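Structure first, then comments.
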Amino acid sequence: MTQRLPVRPQLVGEPAAGAVPGEPEVLPNQVLVTGPESLISKYDWLNTRPISLDGHALTFEETIAVIPPDPLIQVVQPSKVTVRVPLGQPGADAGTVGTAKP
């Protein structure tokens, strides 16, 4: 079976003092996977390898591999995604953090 699954970034660590992470953006936000239907149907999304927030004070981007959840599931394309992690300061305008809600 071949199917597209959404990708969720796996954020770890703590940003620099005072920095607050916003909602990360994944580009592309889906990858094509192939494998047995019985396995693929168990997953609603795939994770990236861990992305460290340690020491970051400003918005940053990282190109990172997508982790197949089972050895029988292969990530066909793309195998890597770009994750943009917005970082802002507490009390700053929500638009600069990227978490503004209408």
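Nothing in this text is a laboratory measurement; each read-out follows from the coordinates by a stated rule. Keep in mind that this is a model prediction, so the values were computed, not measured. Every residue, glycine among them, receives a Cβ derived from its backbone with ideal geometry; neighbour counts consider all protein chains shown.
Projecting label points 7 angstrom from Cα along Cα→Cβ for residue 11 and residue 77 puts them 3.1 nm apart. Paramagnetic label reach from residue 2 (point 7 Å along Cα→Cβ; backbone nitrogen cut-off under 15 Å): within segment 34-54, residues 34-37.
If you take the beta carbon distance between residue 84 and residue 44 as r and set R0 to 22 Å, what does 1/(1 + (r/R0)^6) give as a FRET efficiency, to the nearest 0.05?
Working: r = 22 Å, r/R0 = 1.01.
Here the calculated transfer efficiency is 0.50.
Shown for 2, 59: other C-beta atoms within 10 Å of each C-beta, ranked fewest to most, produce the order 2, 59.
Report, in deg cm²/dmol and to the nearest 500, the calculated mean residue ellipticity at 222 nm for the chain, where each DSSP H run with n ≥ 4 adds -39500 (n - 2.57) and the sum is divided by the residue count. Show your work: numbers first, answer last.
Working: 2 runs with 8 residues, N = 102.
That calculation yields -1000 deg cm²/dmol at 222 nm.
Measuring r between the beta carbons of residue 32 and residue 54 and using R0 = 25 Å, the FRET efficiency lands at 0.20.
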